[in-house]
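Here the structure comes first, spelled out in structure tokens, and everything after it is commentary.
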Amino acid sequence: MTQEIPLERRTLHGHFSRDLTPVLTIESGDTVAFSCLDSGWHVAPGKKFEPRDEKLDEGHALVGPIEVRGARAGQTRAVRIDEVRVGPFGATVAGGWSTPLNDRLGMSDGETLVLHWSLDAERGIGRDPHGREVELRPFPGVLGMPPPEPGVHATAPPRRWGGNIDCKELVAGTTLFLPIPVDGALFSAGDGHARQGDGEVSQTAIECPLDRLELTLSVEDRPDLNTPIAWTPDAWLTFGFDEDLDEAAAAATDVMLELMRRELDLERADALALASVVVDLRVTQLVNGVRGVHAVLRHDAIRM
């Protein structure tokens, strides 16, 4: 069953909280479909959605939360991404404010550059004001659930329960697995990206609204899942998040070794040796306070 969620004030929020009222309750295995604003709440270039709460809506414009009937904390949420269709416009911002990377690159001072993009969903092409074109590879930047602690939580950092993961591999055809932190598995999504490089080095991708995001949400009893993992048609992905990039890399590797034990029946030392040969570590993003690294194991990398 596919259930449509309208884009309206009732279904939008700019923070995570276990106390938010669900906008929809579904059965495990149902599909939901909705449109999204861009991360900055724009309904058109230079025009933001109103009304907004200055405090509660300072984060990404998210749709949800969506409750799954009978879901319990400790189970696993499977998010199958069925369709991601961009809206007609997007923007990329670079320089003009202080971040660790901007400071290192000498890009913190001066004016901020904004590249406005025209997006063609049918052709899968984005064009900037200078006529330069890129192929689109759209994905939702935020897919996740609230921390189990009460209160208001920012949307910016990725967490073990998902959130602002900003992984360019999470396109249509992939499935993200998340540990469920709260009963009901209160899930929200948004932050459309039309195209992004690993690292997201300017702090933004092509930030865009999504005309349609279609997700199939299931609940599974997958053991020992403490952080996100993902399946794509080409590979398994494991994620690590930390303020320190080395720690994020270690976390992603640790989860990959556990995945290799479970999926390939390998002892840990054996998995580490093989991982050094066939697993790639990629910088997911450097921009959300908490850095992200994803480890990639192609399905055809090891022949048993």
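The values are calculated or read from the model by the stated rules, or taken from the named source; none is laboratory data. As the structure is a prediction and not an experimental result, all values here were calculated from the model. Every residue, glycine as well, gets a Cβ built from its backbone with ideal geometry; the counts of neighbours run over all protein chains shown. Surface accessibility is based on the protein's heavy atoms, side chains included, excluding ligands, DNA and RNA. Shrake-Rupley method; radii C 1.70, N 1.55, O 1.52, S 1.80 Å.
Laid out as a table, the results:
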read-out	value
Integer Hz, Karplus 6.51/-1.76/1.60 couplings in order for the range 162-175, x for Gly and Pro	x, x, 7, 6, 6, 9, 5, 7, 8, 8, 4, x, 9, 10
Backbone HN-Hα couplings from phi across the range 244-252 [Karplus 6.51/-1.76/1.60, Hz, Gly and Pro as x]	9, 5, 4, 5, 4, 5, 5, 5, 5
Net charge, LEU217 excluded, C-beta distance under 13 Å - Lys, Arg +1, Asp, Glu -1	-3
Sparse-neighbour loop sites [GluC sites (Glu not before Pro); the range 233-304; at most 11 other C-beta within 10 Å; DSSP]	GLU243, GLU267
Restricting the range 1-79 to GluC sites (Glu not before Pro) in coil, as DSSP defines it, with at most 10 other Cβ within 10 Å	GLU8, GLU54
Loop trypsin sites (Lys or Arg not before Pro), the range 120-202, which have at most 13 other Cβ atoms in a 10 Å radius of their Cβ (DSSP)	ARG123, ARG132
CD proxy at 222 nm, helix term only [per DSSP H run n ≥ 4: -39500 (n - 2.57); per residue of the chain; nearest 500]	-4000 deg cm²/dmol
Taking the chain and dividing mean pair separation by its residue count, relative contact order in percent (alpha carbons under 8 Å, at least six apart)	22
Choice from THR21, THR253, THR174 showing the highest fluctuation, given a GNM over the chain with Cα pairs closer than 10 Å	THR21
Exposure of LEU274 as accessible area (Å², to 10), given a probe of 1.4 Å and all protein chains	50
Ellipsoid semi-axes in whole angstrom, largest first, where each is sqrt(5λ) of the Cα gyration tensor of the chain	29, 25, 19
The chain, accessible surface, carbon-and-sulfur percent (1.4 angstrom probe)	49
3J(HN,Hα) from dihedral phi, the range 41-51, Karplus parametrisation 6.51/-1.76/1.60, rounded to Hz, x for glycine, proline	6, 7, 9, 7, x, x, 10, 9, 4, 9, x
